[in-house]
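What follows is a set of notes on a single structure, which appears directly below.
Values quoted throughout were computed directly from the atomic coordinates according to the rules given, and no laboratory measurement underlies them. Predicted model, so just to flag it, every value in this text is computed and none were measured. Glycine also receives a Cβ, built like all others from the backbone with ideal geometry; neighbour counts cover every protein chain displayed.
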Protein chains: 2
Amino acid sequence: MAAPGTPARRSDRVTLGCVAKLAPRVIAGTLIDSADITPEELQLAVRNHSMPLEAMQYDITPVGLHYLLIHFDIPSVDVATWELTVGGHVERSLKIDYDEIRSRPATTTAVTLECAGNGRARLSPRPLSQPWLSEAVGTAEWTGTPLRGLLEEAGLHDGAVEVVFTGLDRGVQGGIDQQYERSLGVEAAMRDEVLLAWAINGEPLPPQHGYPLRLIVPGWYGMTSVKWLRAITVVDHRFDGYQQATAYHFRTALGDAGEAVTRMRPRALMVPPGIPDFMTRIRFVEPGVHVIRGRAWSGQGAITKVELSDDGGRRWSEAALGESPSAYAWRGWTCKWAAEPGEHELCVRASDSAGNVQPVDQGWNLEGVENNAVQRVTVMAGSAEGGAQPAADRTAG
Amino acid sequence: MAAPGTPARRSDRVTLGCVAKLAPRVIAGTLIDSADITPEELQLAVRNHSMPLEAMQYDITPVGLHYLLIHFDIPSVDVATWELTVGGHVERSLKIDYDEIRSRPATTTAVTLECAGNGRARLSPRPLSQPWLSEAVGTAEWTGTPLRGLLEEAGLHDGAVEVVFTGLDRGVQGGIDQQYERSLGVEAAMRDEVLLAWAINGEPLPPQHGYPLRLIVPGWYGMTSVKWLRAITVVDHRFDGYQQATAYHFRTALGDAGEAVTRMRPRALMVPPGIPDFMTRIRFVEPGVHVIRGRAWSGQGAITKVELSDDGGRRWSEAALGESPSAYAWRGWTCKWAAEPGEHELCVRASDSAGNVQPVDQGWNLEGVENNAVQRVTVMAGSAEGGAQPAADRTAG
């Protein structure tokens, strides 16, 4: 494995001939017609978790509830030897250690991050990859230093086109032995809000969130916010690494050039009301008026409207909008709902200032990215008649 | 929903008649013949996560990597109104608030917790429930006060048989509206190591680990360590709540009384060597000697032996045993492995001082509990010949 702090340019990796032999078994992206999940998807689901929907009640998601998507293994980094290099098409290369990076000007911002594949498991046919339902999201307070300061210190040469971010996480994807790498155009990289973050919710990053340092790109889907950063490389061309040029594109047919995935589409989620059934997650409430609460966000504009439906998306009621922890974080909303006895399908949809509205009907694309179809929650409102025996009558005491 | 601090005895829950209507759809425990995972299991898998196997390298599992199994929703508790009651078959009932509980004599112990359903997804046919693979485990340092002190203060009446622990989490399981409740026999409850814990790894409990207070029962499967504790009730009979008398039994046929699940069977896990393929999680290593590392634990005795096999469990090599963070936590081990070019199936198995040895072959029971069949990791050792192009040659720079 590469030593921490070694830039990706150095060919410190052996040739793993066996990667080629695996090729016939690399099935990411295969389309599956069944609603059932393959054992390969389950392996990803048991290690990468979404945010339990009831955590939508917190402005700032507690660590451990924030969603996680890790392509390879979580690296274990010794900060005594870790170093960030800034190089490539710059006037002066930099090497920065853990103490130095934390001594730079710091800012703290609440940022909502969402996985680009959120909602993938609802597609039919379903592209094989991490099988997310609707809740691959979280909002954390990230503390770090603006990337721009570092890039200005290094001095970009004329002709700089993109900035490449290399993580310490390494594995095989699409038959290619790679370290996780993504790029940003120079203009996007120089925006004020782009951070190199060393703390989450006031604490050092835990291993799974990119310790010791990660990129945070507010407004963009999470694959952009490279974790376990070891190198920043300015290049004079479009970066063609696997995670940039092959993966994370919206394509509806094989062979399409497709559209690169960038900023988050709008999405609203509700805290499912009442209590759940363990296995089906169907909800039970008492008949009567309930206040449904949730959050909504978009990376393409401010949230301007949230609507709730209790009939699967035919009729909509407008929710009251609340506060955001920051300009880059989700916005709270509440909506009263009068629950009649019986079964209901609650849906919620968000609109943003760029004119985007969440679709009620399921879209489809080859990778299952940017799927922001509305959340659907089945709720049963109980009647006093014909009821089951409440558990309280049969508990000990 | 019940107010924090209200003991389960008070009938503060409405009758949700609709619970009865759900009954035909309650499918937990249904047996599934396919290796594919149902959408209902996926809903559980995206919210309850296991410990990524590479986290086996840490003596103490960082918060956020420790496994989680939450039957219903994660309650949000206001400690200003939260109260623990101790009552039932005692001389004096107690009400204890958050400040009071934390002012009691405290101890800190490293404890390995494992879900009783760990390994369930490997069974065929598979019982519908949380679809764990092999890694529903974690080791944390729990800080709290011995339960015994509280029980002695309350004073158990003669004829006390069990102690019932009631959590604030409520939902429907097996068609029954319930709060999560489990019991311990008086003798087990009075053991020195049983704690009421308010901190994990030196920090207050996060919501998902039972804030503000949870039970920790070292050596037992995790379902025993009730989270979000609100009531402790001493009873003069065997508690017959759903999670105690119906669920968590080892049964091989419907209608069997079965054996109650209690202490953890032995299990060893390895950190999978090398680097993974994103989708299949198959591992790639360089040919040559590797040191394979991992942990092993048992709730039934001390770990006495760990063995590694590279041929799927036919021949075994004995591993060197390392240290444990405590008598109630896993024990480290290492084993050298000479990787020949080609494909291998690594297995590891543990033995304990009670004479238990992990089975190589998959067992089976109706709930998929206590399944400690050996971990299997497919590893490909690369050769220098016929290799794929390493990614380093095609990265930016």
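Tell me the trypsin sites (Lys or Arg not before Pro) within the range B:50-124 that lie in a loop according to DSSP and have at most 10 other beta-carbon atoms within 10 Å.
Qualifying residues, ordered by number: B:Arg92.
Scan the range B:152-234 for trypsin sites (Lys or Arg not before Pro) in coil per DSSP, keeping those whose Cβ has at most 15 other Cβ atoms within 10 Å, and list them by number.
Qualifying residues, ordered by number: B:Arg191.
List, shortest first and in nm to one decimal, how far the label point of B:Asp158 (7 Å from Cα along Cα→Cβ) is from its counterparts in the other copies.
10.0
Got a sec? Charge dipole of the protein assembly as shown, +1 on Cβ for Lys and Arg, -1 for Asp and Glu; which of A:Val360, B:Gln179, A:Phe165 is way out at the positive end?
Result: A:Val360, furthest along the dipole toward the positive end.
From other protein chains only, count the Cβ atoms within 10 Å of every residue's Cβ in B:168-176, then give the mean.
Whole-number average of other-chain Cβ neighbours for B:168-176 is 5.
What does the copy distance list look like for B:Asp99, label position 7 Å along Cα→Cβ, in nm and ordered from shortest?
Output for B:Asp99: 4.1 nm, nearest copy listed first.
Using a 10 Å cut-off on Cβ to Cβ distances, tally the other chain neighbours for every residue of B:266-279 and report the average as a whole number.
Averaged over the peptide's residues, the number is 6.
Looking at chain B as a GNM with Cα springs under 10 Å, which of B:Met270, B:Met380, B:Met56 has the largest mean-square fluctuation?
In the Gaussian network model the winner is B:Met380.
Compute a Gaussian network model of chain B, connecting alpha carbons closer than 10 Å, and tell me which residue from B:Gly332, B:Gly258, B:Gly210 fluctuates the most.
Of B:Gly332, B:Gly258, B:Gly210, the most mobile in the Gaussian network model is B:Gly258.
For the range A:126-142, in order, what is each residue's ³J(HN,Hα) by Karplus, 6.51 cos²θ - 1.76 cosθ + 1.60 with θ = phi - 60°, in whole Hz (x at glycine and Pro)?
My calculation for the range A:126-142 gives 9, x, 5, 5, 4, x, 6, 8, 9, 10, 7, 8, x, 10, 10, 8, 9 Hz in order.
So if I take the centroid of the Cα atoms in the range A:170-232 and the same for the range A:249-302, what is the distance between those two points in Å?
Cα centroid to Cα centroid, the span is 24 Å.
At a Förster distance of 51 Å, what's the computed FRET efficiency of B:Asp256 paired with B:Thr81, Cβ-Cβ distance as r, to 0.05?
About 0.70, to the nearest 0.05.
Suppose R0 equals 41 Å. What FRET efficiency, 1/(1 + (r/R0)^6) with r the Cβ-Cβ distance, do A:Gln362 and B:Ser34 give to the nearest 0.05?
The pair A:Gln362/B:Ser34 has a calculated efficiency of 0.95.
Taking every DSSP beta bridge with both residues inside chain A, roughly what % is antiparallel (nearest 5)?
Close to 90 percent.
Going highest first, how would you order B:317-329, B:283-295 by mean Cβ packing within 10 Å?
Highest mean packing first, the order is B:283-295, B:317-329.
By its C-alpha gyration tensor, with a ≥ b ≥ c as the square roots of the eigenvalues, how is the range A:124-164 shaped: rounded for a/c under 1.5, else prolate for a/b larger than b/c, else oblate?
Because a/c hits 1.5 or more and a/b fails to exceed b/c, the range A:124-164 counts as oblate.
Put a point 7 Å out from Cα along the line to Cβ at B:Gln57; what are the distances to that point in the other copies, in nm, shortest first?
Result, one decimal in nm: 3.7.
Shape of the range B:16-247 from its Cα gyration tensor (a ≥ b ≥ c, root eigenvalues): rounded if a/c is under 1.5, otherwise prolate when a/b > b/c, or oblate?
oblate
Other chains near A:53-63: what is the mean number of their Cβ atoms within 10 Å of each residue's Cβ?
Mean shielding count: 3.
Under the rule a/c < 1.5 gives rounded, and otherwise a/b versus b/c splits prolate from oblate, where does chain A land using the Cα gyration tensor?
Because a/c hits 1.5 or more and a/b exceeds b/c, chain A counts as prolate.
Of A:Gly299, A:Gly255, A:Gly363, which has the largest mean-square fluctuation in a 10 Å C-alpha GNM of chain A?
Looking only at A:Gly299, A:Gly255, A:Gly363, the largest GNM fluctuation is found for A:Gly255.
Highest mean first, what order results for A:62-70, B:195-203 on Cβ atoms within 10 Å?
Averaged packing, sorted descending, gives the order A:62-70, B:195-203.
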